[in-house]
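Have a look at the structure below, then the notes.
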Amino acid sequence: MLFIPNSMRLLPILLFLLFLLNACADAALEKSKAHENSINEIIDELSLSECIGQLTLVNSPGNQYDEAFLDEIRKGHIGAILNETNPEIIDVFQQVAINESKHGIPLLVGRDVIHGFKTIFPINLGQAASWNPELIELAAQISAKEANASGVNWTFGPMVDIARDPRWGRIAESFGEDPLLTSILGVSMLKGFQGDSLHSKSYLAACAKHFAAYGAVEGGRDYNTVSVPEFELQNVHFPPFRQLVKHGIASVMTAFNELNGVPASGNHYLLRQSLKENWQFQGFVVSDWASIKEQIQHGTAENEKQAALISLNAGLDMEMASSCYSDYLPLLVKEGKIDEEQIKDAARRVVWVKSKLGLFEKGSSRLSAFTYPVQEHMSVAKDLAIQSMVLLKNEDNTLPLSNRLQKIALIGPMAHDVYEQLGTWIFDGDTSLTITPYSAMKEYLGAHRVNYEKALPTTRSLDQSRFDIAKILAKASDAIVVIVGEESILSGEAHSRAYLGLPGAQEALIRELSRLNLPLVVVVMAGRPLILKNIEAYADAILYAWHPGTMGGPALVDLLFGQASPQGKLTITFPRAEGQIPIYYNHKNTGRPVNEKHHIQLEDIPVRSFQTSLPNTNHYLDIGSLPAYPFGFGLSYTRFEYDKISLRDSLIGMADTVVVMLSVKNVGDRAGVEIVQLYAKDTHASRTRPVMELLDFKRLALEPQEQVYVNFQIPATEFGFYLEDGRRTLEPGSFKLMLGTNSSDVHTTSFTLIP
Ligand code: BGC
């Protein structure tokens, strides 16, 4: 028999597979060409007013009987609606669009599904503290399914504004201060909404917002002026948007703010140059609510007509809420001020998204309605809430509380409020699904073991009349859990604050309770980092729960009683005082960096000291420069030890990969999760670089005494940065690598990048 080596025998199979692969690729190419052609055909057939209709996003009238509204859909004057979640009403709108309009183009139906639809997950800033991209993707997918079942097919998220100012109420919607983490978590959320790519099986088209630099509003005051140099835009604010575009996001929303003198909604540099030309964004750009018209208030447009002209030229495709486009684009074309081709291009982008999303095939079909509560959704909401909560203090292992304690006093305005624990942007959140800490604790301990008192009617209240009752109940207990914070209305859009302490008489409540000399656990539910300096000394333990969503209660009870160990880590720096803001871990070094050893108490400064007798460094005389809690910080019920940090090579070529290894051991007697963080610093470069930047991280679940070896592999290109004009540069030289449990507790090594 003739001997044929195995590899030879495989050859025909391989060739056949190759042939199949090519055939598939050709078929895909053909399909995509056919797809493009059919979109072009549709666009060619649309009249000017029908094209403008595709660029028109209007609020739903809230019922299906508004004949004037239906007629506008019929005429093709409305391409998208928002704020309608009644499936029957949506069905009627879609039927009219598909069956009664000339071209049968379905509607986009948009809604803010920010951290859940009916089942509410923790606010995004809380979700980020889980550092768990997979779980965030799953939560987004659940939200997308719930929304889709109502007929919604487009959402205004993920929000990926880099936020460094806790005064800004919208920090609650953000993933925090880090560009890399925000990019990673933004992409997770995108995948949860759209799937791996926009196609007929996607539940929702997504929208990256708010482009750009909305998080940098002056003074943290919403809608305020933004001045950010291009170098910082490229390296801090653009990265998440670049990533979302790269991963096929369907739409991008402009920001309300001006950027360096030009409102984002009329900003050619942002929309046409960066987004569409440089990053080759294929989807469409939508304005934020009436932000085209607001150019008049900004003072860059004289009237709505000019506003429409500026925005369309700048590359903004679809107008939300105001009607500058529908009212004035026809006239602007007639006057020859706008080329009709530009309007067709905008409409093509919108129809392209509709077609990619499968709306032409799916029509108004949607997932069938859920019967709530959906157990799987509730359990993901609980997991994410557990993983989002951050343990800030745990004196003498106050937590976890022992099951043997007979009675727990549960006090505070956030302990039993089905609405407030859900947080901002929960238009469709179902409060009947909420499980509060009080309900969960009764379930866990039995009602007779929980002494509950609200003590304050709201978080803002100054009425101390029930403090005595709270104290009597507390005295009759073995430990006190006090749940304070901010009601949801105190964060979110347009809800900026200047004082960041606990509002109302909550600090007084904590002080009073601390006098009872019982273990005192403070749980904070809030939409932003609060300044806790006035209560830190009084609390034995502090657990930061954000606004934890529907399952906040059971998640909290699991952590309080040790059914789970805290694992959340901050993705935002907590200041010690408002005057330190902005304070963020990835700041620059300056020419006179701070030496914290030089920290001086104000009262220690000798009278009539000579001007230069104090260290002339970049710090505050009265509070130094250290934060209350640094980026990446979060305690656990166990401890982890880092050891054997080593580099595979310390001389790295520009095309090589840096490999850094270490061992991590759980040295406590409880299982726990550690989030190992890798940071880098480019020690000398052509531009000043941050003192440290997050490069990668790993979540490790370790049993007591378990030790694992971990390695990070980072391509050298990741050590580069963007220049002002958007080109990326990689500069040889030495780099510091820092590994640790948070950004201020790190082990350091270094390598040299060689040309
Ligand atoms: C917000 C957006 C939101 C839009 C639609 C605006 O006020 O800035 O984030 O998506 O409203 O509700």
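Within the stretch 193-215, track down each residue that is part of a loop (DSSP other than H, G, I, E, B) and closer than 30 Å to Phe360 by Cα.
So the first thing to find is which residues in the stretch 193-215 are part of a loop (DSSP other than H, G, I, E, B), and the list is 195-204, 206, 212-213.
Passing the criteria: Gly195, Asp196, Ser197, Leu198, His199, Ser200, Lys201, Ser202, Tyr203, Leu204, Ala206.
All of Leu456, Leu445, Leu422 fail the test of being closer than 25 Å to Arg528 by Cα and out of contact with any Ser or Thr (no Cβ under 7 Å at 6 or more places or on another chain), apart from Leu456.
Restricted to the stretch 167-177, and to residues there that are within 12 Å of the chain's Cα centre (by Cα) and not in a helix (DSSP H, G or I), the residue that is nearest to the ligand (Cβ to nearest atom) is Ser174.
Every residue, every condition in (1) touching a Gly at 6+ places or on another chain (Cβ under 6 Å); (2) of a type in the set (Gly, Ala, Ser); (3) more than 23 Å from Ala655 (Cα to Cα), yes or no:
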position	(1), (2), (3)
Ser686	no, yes, no
Arg699	no, no, yes
Glu706	no, no, yes
Gly726	no, yes, no
Glu731	no, no, no
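Only one residue in Ile162, Ile136, Ile123 is within 12 Å of the chain's Cα centre (by Cα) and over 20 Å from Ile426 (Cα atoms). Which one?
Going through Ile162, Ile136, Ile123 in turn, the sole match is Ile162.
For the stretch 351-374, check the following and say yes or no: at least one residue is within 16 Å of the ligand (Cβ to nearest atom), out of contact with any helix residue (DSSP H, G or I) (no Cβ under 8 Å at 6 or more places or on another chain) and of a type in the set (A, V, I, L, M). Within the stretch 351-374 (the criterion being within 16 Å of the ligand (Cβ to nearest atom), out of contact with any helix residue (DSSP H, G or I) (no Cβ under 8 Å at 6 or more places or on another chain) and of a type in the set (A, V, I, L, M)), the answer is no, since none of the residues qualifies.
Give the stretch 462-497 a look and list any residue that's among the acidic types (Asp, Glu) and assigned to a helix (DSSP H, G or I), or say none.
Filtering the stretch 462-497 down to residues among the acidic types (Asp, Glu) leaves 463, 468, 478, 486-487, 493.
Hit for the stretch 462-497 is Asp468, nothing else.
As for the stretch 60-70, it holds at least one residue that is away from the ligand (no atom under 16 Å from the Cβ), of a type in the set (A, V, I, L, M) and assigned to a helix (DSSP H, G or I).
Could you tell me which of the residues Leu180, Leu233, Leu190 is assigned to a helix (DSSP H, G or I), crowded, with 24+ Cβ neighbours inside 10 Å, more than 14 Å from the ligand (Cβ to nearest atom) and at pLDDT 95 or above? On inspection, the qualifying residue turns out to be Leu190.
Report, by residue number, each residue of the stretch 380-421 that is aromatic (Phe, Trp, Tyr) and under 19 Å from Leu445 (Cα atoms). Break it down stepwise before answering.
Our first condition is that a residue be aromatic (Phe, Trp, Tyr); within the stretch 380-421, this holds for 419.
Passing the criteria: none in range.
One residue alone among Ala213, Ala205 is touching a helix residue (DSSP H, G or I) at 6+ places or on another chain (Cβ under 7 Å), at positive phi and within 16 Å of the ligand (Cβ to nearest atom), and that residue is Ala213. Checking Ile435, Ile386 one by one, the residue that is assigned to a helix (DSSP H, G or I) and β-branched (Val, Ile, Thr) is Ile386 and no other. Could you please give the count of residues in the stretch 622-667 that are within 25 Å of Glu536 (Cα to Cα) and at pLDDT 95 or above? Here the count works out to 14. Of all the residues in the stretch 257-290, those that are of a type in the set (A, V, I, L, M, F, W, C), surrounded by fewer than 24 Cβ atoms within 10 Å (Cβ to Cβ) and within 15 Å of the ligand (Cβ to nearest atom) number 2. In the stretch 656-708, the residue that is surrounded by the most Cβ atoms within 10 Å (Cβ to Cβ) out of those that are part of a loop (DSSP other than H, G, I, E, B) and of a type in the set (Asp, Glu) is Asp656.
Only one of the numbered conditions (1) out of contact with any His (no Cβ under 8 Å at 6 or more places or on another chain); (2) part of a helix (DSSP H, G or I); (3) among the small types (Gly, Ala, Ser) is violated by Ala301, and that is (2).
Here is a check on your reading of the model: is Pro87 out of contact with any helix residue (DSSP H, G or I) (no Cβ under 9 Å at 6 or more places or on another chain) and either over 30 Å from Tyr544 (Cα atoms) or away from the ligand (no atom under 16 Å from the Cβ) (or both)? Spelling it out, Pro87 is indeed out of contact with any helix residue (DSSP H, G or I) (no Cβ under 9 Å at 6 or more places or on another chain) and either over 30 Å from Tyr544 (Cα atoms) or away from the ligand (no atom under 16 Å from the Cβ) (or both).
Restricting attention to the stretch 340-365, report how many residues are in contact (Cβ under 8 Å) with a residue 40 or more places away in the chain and in a helix (DSSP H, G or I). Talk me through it step by step, then tell me what you get.
First pass over the stretch 340-365, keeping only residues in contact (Cβ under 8 Å) with a residue 40 or more places away in the chain: 340, 343-344, 346-364.
Within this subset, residues satisfying the condition of being in a helix (DSSP H, G or I) are 340, 343-344, 346-356, 359-362.
So the answer is 18.
Is it true that Ala250 is within 15 Å of the ligand (Cβ to nearest atom) and within 25 Å of Gly195 (Cα to Cα)?
Details: within 15 Å of the ligand (Cβ to nearest atom): yes; within 25 Å of Gly195 (Cα to Cα): yes.
Spelling it out, Ala250 is indeed within 15 Å of the ligand (Cβ to nearest atom) and within 25 Å of Gly195 (Cα to Cα).
Report, by residue number, each residue of the stretch 311-341 that is surrounded by 24 or more Cβ atoms within 10 Å (Cβ to Cβ) and in contact with a Ser or Thr (Cβ under 6 Å, 6 or more places away or on another chain). Within the stretch 311-341, Ser311, Leu316, Glu319 meet the criteria.
Is there a residue in the stretch 107-120 that is in a loop (DSSP other than H, G, I, E, B), in contact with an Asp or Glu (Cβ under 7 Å, 6 or more places away or on another chain) and within 16 Å of the ligand (Cβ to nearest atom)? It would help to see each step written out before you state the result.
If we filter the stretch 107-120 for residues that are in a loop (DSSP other than H, G, I, E, B), which is where we start, we get 107, 112-115, 117-119.
Next, from what is left, pick out any that are in contact with an Asp or Glu (Cβ under 7 Å, 6 or more places away or on another chain): 114, 117-119.
Now restrict to residues that are within 16 Å of the ligand (Cβ to nearest atom): 114, 117.
There is at least one residue in the stretch 107-120 that is in a loop (DSSP other than H, G, I, E, B), in contact with an Asp or Glu (Cβ under 7 Å, 6 or more places away or on another chain) and within 16 Å of the ligand (Cβ to nearest atom).
In the list Ala97, Ala129, which residue meets the criterion of being within 23 Å of the chain's Cα centre (by Cα) and away from the ligand (no atom under 16 Å from the Cβ)?
Working: Ala97 fails: within 23 Å of the chain's Cα centre (by Cα).
Result of the check over Ala97, Ala129: Ala129.
The values are calculated or read from the model by the stated rules, or taken from the named source; none is laboratory data. The model shown is predicted, which means the values in this text are computed figures rather than measured ones. Because the Cβ atoms are built from the backbone with ideal geometry, glycine has one as well, and the counts that use them run over all protein chains shown.
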